[in-house]
Protein chains: 2
Amino acid sequence: MDPLARLIQVLGRFPGVGEKTATRLAFFILRQGSEFARDLAQAVVEATEKVGYCRRCQNLTDIEVCMICADTRRDPNLLCVVEQVQDLRAIERSREYRGTYHVLHGAIAPLDGVGPDDIKVKELLARLSQENQEVQEVILATNPSVEGEATALYIQRLLSPMGFKVSRIASGLPMGSDIEYVDAATIAQALVGRRLL
Amino acid sequence: MDPLARLIQVLGRFPGVGEKTATRLAFFILRQGSEFARDLAQAVVEATEKVGYCRRCQNLTDIEVCMICADTRRDPNLLCVVEQVQDLRAIERSREYRGTYHVLHGAIAPLDGVGPDDIKVKELLARLSQENQEVQEVILATNPSVEGEATALYIQRLLSPMGFKVSRIASGLPMGSDIEYVDAATIAQALVGRRLL
């Protein structure tokens, strides 16, 4: 295979990138020339070589303990459990949370053959047994989906008997949404979760 | 900058890739692991190092003369002039054309400061003066845009006095389109270019 066809083929392995987009990206790389190509190649290899999981919270990091775990200003009493690193980043962007995290790297999905042992639940338990004087509340911030709810329920059943206060992030109407256009399941959750004013 | 942030930044330099998509691509690379990363890095560097312009038609190639120019079954009497390599590939996909090509790598666009010397017009003339016994017809397949039309006109004015038969690809209704929804300029071109049956 010639180098251009090979580049298009490799780029086409990205999710959501078909042959057309892969071709467009390949031509962009060729137009940019060798400096951009070297930057890209180096960034790709360095990221996969140097980035691993935080020993404590399983967040991605290029050091042993991630920036959030190492930050002494974070509240050690609060632990927020998320499915993915992307979820952690979304919560950080909200600037609403100052506690620590635990990343499961997945959710329990029996239909896809993903059980509790396939996600970082063991690591969560190990960590809580070490830190149990510190953590006051575990916030389950898995997705409001079938898998996310099942994962939250599973972890709640493990942690409650151990004496931890366990909470679940609220489901309801997204800010700025129009009730007329919100799906029925979300409206139902918003009603169930209503708060007295 | 940590390796993950750096990878996201480099990926964000692709056209049409914002921070969100760059982050998604970076996480995909990390999940795939080091083999995919090495494949990608190598494909990127090899493509920019090995792929250059065909000596004859300016198509992209990793050999001196591209596969199309080297193919003796192609009709040397027909020469199709296109703006970009992508246009050549689109024409190849139509399987309607069996002649050779010349890629200009751009179109004349005075407003963007692109003149005739900034695209491969010199190379076209040099080539035609060498091959003039062979080429019977030059088909101008630049885009039906202001720049494409200007470029076609410019080349036609150079080649006609040299005795070449020069043609322009047809503009008109796209196949499968509905006249009701086709823009006025296209309908006007389809009427001007009508053919007797």
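The values are calculated or read from the model by the stated rules, or taken from the named source; none is laboratory data. As the structure is a computational prediction, the values presented were derived from the model and not from experiment. Backbone-built Cβ (ideal geometry, glycine too); neighbour counts: all protein chains shown.
List of remarks:
- When the residues of segment A:16-34 are filtered to those that are in a helix (DSSP H, G or I) and in contact with a Ser or Thr (Cβ under 9 Å, 6 or more places away or on another chain), the one that is farthest from the other protein chains (Cβ to nearest Cβ) is A:Gln32.
- Residue within segment B:53-74 that is among the basic types (Lys, Arg), within 13 Å of chain A (Cβ to nearest Cβ) and either surrounded by 15 or more Cβ atoms within 10 Å (Cβ to Cβ) or part of a helix (DSSP H, G or I) (or both) present: no
- Hits in segment B:115-137 (condition: over 16 Å from the mean Cα position of the chain (by Cα) and buried (at least 17 other Cβ atoms within 10 Å of the Cβ)): B:Arg127, B:Leu128, B:Val135
- There is no residue in segment B:158-167 that is without any contact (Cβ under 8 Å) to a residue 24 or more places away in the chain and either closer than 21 Å to B:Leu88 by Cα or surrounded by 14 or more Cβ atoms within 10 Å (Cβ to Cβ) (or both).
- Verdict on B:Lys50 being away from chain A (no Cβ under 14 Å), within 23 Å of A:Ser34 (Cβ to Cβ) and of a type in the set (D, E, K, R): no
Residues are listed down the side, and each one gets a yes or a no for (1) touching a Cys at 6+ places or on another chain (Cβ under 7 Å); (2) of a type outside the set (Lys, Arg); (3) in the same structural domain as A:Leu78 (by TED's automatic domain parsing):
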position	(1), (2), (3)
A:Pro116	no, yes, yes
A:Lys120	no, no, yes
A:Ala126	no, yes, yes
A:Pro161	no, yes, yes
A:Met175	no, yes, no
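- Matching residues in segment A:58-109 - criterion: being under 18 Å from A:Gln136 (Cα atoms) and of a type in the set (Lys, Arg): A:Arg73, A:Arg74, A:Arg98
- Members of segment B:23-59 that are within 13 Å of A:Leu7 (Cα to Cα) and hydrophobic (A, V, I, L, M, F, W, C): B:Phe36, B:Ala37, B:Leu40, B:Ala41, B:Ala43, B:Val44, B:Val45, B:Ala47, B:Val51
- Screening segment A:1-12 for residues that are outside any helix (DSSP H, G or I) and more than 7 Å from chain B (Cβ to nearest Cβ) and picking the one that is farthest from B:Arg13 (Cα to Cα) gives A:Met1.
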